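A.B. asks: Have a look at this one before I ask anything.
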């Protein structure tokens, strides 16, 4: 039996790790970024998997921020940036997967390309929408702070969204807004690219610690 990816990195484990990362108060952005990237790597590269990780990390951040040594508002801002940077890596992985599929001519159809582009285009939307849902269910102390993050992300945009815009400038197809889910082949390849990115970043971090 094939193990469900969510069982390899369950939501509760992600929530606890996110909460602890924020409470610690130091290197919050990097800690949350690394946690989220590892969690994304462990899940299937699709919209559902990404939303699940965003929700679990956001809930953990909301739990840990009030007790953060860095102060609640600062901790939330740094955690948000770490999440945004991790999702930017996901978009970059999807971008690279598309380039590989097109360059190698693996018989990818226009429809598959449209599906992949539309799915990537919705990552920022899903990120902000999921964070908004977490804000709505948060306690009275956390709710306004999280809603402020959502408002800023909605009006100023995110790094994830800016990276997606660059991708759209490279791959332009009519009607991509009609699709919304990733195809199996693209999801597998993008997941592999993301795993490679995560492993490379981990080796870099390990090298810094050893030096």
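The values are calculated or read from the model by the stated rules, or taken from the named source; none is laboratory data. Keep in mind that this is a model prediction, so the values were computed, not measured. Every residue, glycine as well, gets a Cβ built from its backbone with ideal geometry; the counts of neighbours run over all protein chains shown.
A.B. asks: Could you check the range 51-75 and list, in sequence order, the residues that are surrounded by 24 or more Cβ atoms within 10 Å (Cβ to Cβ) and closer than 17 Å to residue 127 by Cβ?
C.D. replies: Start the filter on the range 51-75 by keeping residues that are surrounded by 24 or more Cβ atoms within 10 Å (Cβ to Cβ), which leaves 53-54, 56-58, 60-62, 64-65, 75.
Passing the criteria: 53, 54, 56, 57, 58, 60, 61, 62.
A.B. asks: Quick check on my filter: what residues within the range 128-161 are assigned to a helix (DSSP H, G or I), within 17 Å of residue 86 (Cβ to Cβ) and in contact (Cβ under 8 Å) with a residue 60 or more places away in the chain?
C.D. replies: Selection gives 130, 131, 134, 149, 153, 159, 160.
A.B. asks: Could you please find all residues in the range 21-66 being closer than 25 Å to residue 94 by Cβ and out of contact with any helix residue (DSSP H, G or I) (no Cβ under 8 Å at 6 or more places or on another chain)?
C.D. replies: Selection gives 48 alone.
A.B. asks: Next question, about the same structure. Taking only pairs six or more apart or across chains, which ones have beta-carbon atoms under 7 Å, a first residue in the range 107-127 that is at negative phi, and a second residue that is modelled with pLDDT of 75 or more and outside any helix (DSSP H, G or I)?
C.D. replies: Within 7 Å, the pairs are 124/158; 127/158.
A.B. asks: Still on this model: Modelled with pLDDT of 95 or more and within 14 Å of residue 20 (Cα to Cα): does that describe residue 70? Let's see the steps before the verdict.
C.D. replies: Values: modelled with pLDDT of 95 or more: no; within 14 Å of residue 20 (Cα to Cα): yes.
In short, no.
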